[in-house]
Amino acid sequence: MNKSVIIHVAITALLLSLLSVSATAQFSRDLQYFRAPDKTGLNIFETPKTTDVPFEGLNVRIGGSNTLQFQWLDHENSGAVDIFEIGPNFNLATSNLDIDAQLFPGLRMHLRTYLSSRHHAQPYVKGGYMQVDRLDFISEGFLQEYMDYITIKVGHMQNNYGDAHFRRSDNAQTIFNPFVGNPIMDAFTTEVGAEVYYQRNGWLAMVGMTNGKLNQSVVDAPEGQLQTHVSLLGKVGFDRQLTEDLRVRLTGSVYHTGQSQRTYLYAGDRAGSRYYNILTANSSEFRIPRFDPGYTNELTAIMINPFVKYQGLEFFGIFETASGKAMSEDSRRTSNQYMAELVYRFGNSENFYFGGRYNLVTAETRSGEDVDITRFNIGGGWFLTKNVLAKLEYAHQTWDGYQSNSVFHDGKFNGVMLEAVISF
C-alpha cells in the first residue's frame, strides 16, 4: 500500500470518527466568539468580544470549503525566457477541512487541514490554535472584569498582521474574497506564537510574538551562522458602526524580525497563487504572479488598512511599506504596496455584488532593478445560498522595470476567471 493510499485511508477513518463524535456531542453549529465560514462571516475581522451562544457541553463543529476554477488567461513576456503555453481549462480543485471545538465557556480550538492544494496534492495541516475569551476553566467568573475585553490566541497559526488576510483566499476558503487573486505582495505566514487582544468600545489593540519558523524544528543552525529569531507583531485600530448605514474601520499593523536565518512573511503560503502557471516554465513555481521582495534575513513591515461600508457600498484599502535585506546584501531595500477595492453589494440580502480592485507594488529587487507591478480586477459574484458563491472576474497584470534576461521582462497576463465556492 503506497503512502498516498495510507494517508487517504487515515483521513477517511478520522472523518468517520469525528462524525460519530459530532452526532453525540454537537448541539448546534454555532460557537462562541466565532467567525462563521459562510456569507454571515463577511466583513468580520477579529472575532467579537460578545456572544449570545450558550455553552451546553462539548460542541464539535466539522466544516470545510471547496473551490473550483475555470481559467481563461493569456500571458506573454519579451521571449528572452521561455514560458508555458497556456489555454482555457479547469484548475486543480482545492479543498479544506475545518474542525472547531467549543471545549468550555470561552475556550475554543480551531484546526484547518488542506486536503488538496496547488502546491501539495496530498493533505497536510495548515495550522491550529486555542482561543481563550473566558477563564472559567480556572474558576467560574475568574477575572471576568478583564476578560470582557481580552482575547488570547496560542498555537501554530496564521499571524494577525494587517487586515488583508481577513479578505484573502486561504486555499479553498475563498468565500470572503470578492475577487479571485490575493494582493500582489501577499503577507501570509503560519508560525508558532501567541497574540493578546484588547477590544473595547470599538477600539482594538493587539501584541504578539512568534518563533519566526514556518517549519518547526529544534535543530540550531551550524556554529557561525545566524539562528532563527523571534518575530514581533502588533496592531492598533478603531472599528465602529457609527450609524445604521455607516461602519468605519481603520487599523495599523507592524511585523518585525531582526537578524534571522530566514523570514517568511511574504513566502509562507504553501497553497500557491490563484492564477495558475503564469510566466512560468516550471510547475514548481507556484507563487507567481505574486511578488516576494526577498527580505530573507531582516524584515520590518507596516500595513495600514481603511475599511468603510455605507449601506451596500464598501471600500477596503492597503498601504504597506516593507524594508529589509537578504543575507548576501549589505544594505536594506524597500517595497511599497497600494491597493484600493470598491465593492457594491445589492439584493434583498446583498446576495449579489460587483466591483473593482487596483493593486500596485513598487520595489527595488535584489539585483538592483526598480520595478512596478500593477494589477487591475473587475468582476462580481452571486451568493446562491449563504454557503455557495459563484464569481466571475477579468484580471490584467503587468511587470515593468525588469532586466532583459528576466522572465518578467515586458511580462503581462490578462483574461477571465470563473470561480465556484462552497463553504460551510
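The values are calculated or read from the model by the stated rules, or taken from the named source; none is laboratory data. No experiment lies behind these values; they were computed from the predicted model shown. Please note: Cβ atoms are built from the backbone with ideal geometry, for glycine as well, and neighbour counts cover all protein chains shown. The accessibility values were calculated without ligands, DNA or RNA, using every heavy atom of the protein model including side chains. Shrake-Rupley method; radii C 1.70, N 1.55, O 1.52, S 1.80 Å.
Key figures
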quantity	calculated
Gain on full stretching of the segment that runs from VAL230 to HIS120 - 0.36 nm per residue minus C-alpha separation	36.9 nm
Under Karplus coefficients 6.51, -1.76 and 1.60, residue-wise ³J(HN,Hα) of the range 87-92 in Hz, glycine/proline x	x, x, 5, 7, 8, 4
Listed residues LEU384, LEU360, LEU204, most fluctuating in the chain (Gaussian network, C-alpha, under 10 Å)	LEU384
Helix axis angle, 3-25 relative to the chain longest principal axis, alpha carbon, degrees	30
From the C-alpha gyration tensor of the range 218-330, square roots of 5λ in Å	34, 21, 11
Lysines whose Cα lies under 18 Å from that of LYS213, excluding same-chain neighbours fewer than 8 positions away	LYS126, LYS153, LYS325
Along principal axes, Cα extents of the range 291-399, largest first, whole Å	58, 24, 22
Hits among aspartates and glutamates - C-alpha to C-alpha of LYS49 under 12 Å, sequence gap 8 or more where chains match	ASP133, ASP148
Additional length obtainable on full extension of the chain from ASP148 to GLU56, 0.36 nm per residue less Cα span	31.1 nm
Solvent-accessible area per residue, Å², over the chain with all protein chains present [probe radius 1.4 Å]	45
Cα-based radius of gyration of the range 21-115 once divided by 2.2 N^0.38 Å, which approximates compact folds	1.64
Cα gyration tensor shape for the chain, rounded if a/c is under 1.5, else prolate or oblate	rounded
Whole-number D in µm² s⁻¹ for the range 48-102, Kirkwood Cα-pair radius fed into Stokes-Einstein, 4 °C, 1.567 mPa s	80
Two-site label geometry, TYR198 and PHE352: point separation in nm, points 7 Å out along Cα→Cβ	4.6
Mean separation of Cα contacts under 8 Å, 6 or more apart, over the residue count of the range 141-239: relative contact order %	27
Sites PHE84 and PHE376, calculated FRET efficiency, Cβ-Cβ separation with R0 35 Å, nearest 0.05	0.95
Reach of LYS386 by Cα under 13 Å, taken over aspartates and glutamates that are not fewer than 8 positions away in the same chain	ASP38, GLU350
ALA93 versus PHE315: modelled label distance in nm, points set 7 Å from Cα along the beta carbon direction	4.0
Accessible heavy-atom area order of SER231, SER28, highest first, probe of 1.4 Å	SER28, SER231
Mean Cα-pair separation over length for the range 210-321, i.e. relative contact order, pairs under 8 Å, 6 or more apart, %	26
Computed label-point distance, nm, for sites GLN261 and GLU329 using a 7 Å Cα→Cβ extension	2.2
Counted charge near ILE175, where neighbours are those whose Cβ lies closer than 13 Å (Asp, Glu -1; Lys, Arg +1)	+2
Residues SER283 and ILE44, FRET efficiency given R0 of 22 Å [Cβ-Cβ distance, rounded to 0.05]	0.05
The range 33-74 - Kirkwood radius from inverse mean 1/r over Cα pairs (Å)	13.8
Structure-based [θ]222 nm, the chain - -39500 (n - 2.57) summed over DSSP H runs of at least 4, per residue, nearest 500	-2000 deg cm²/dmol
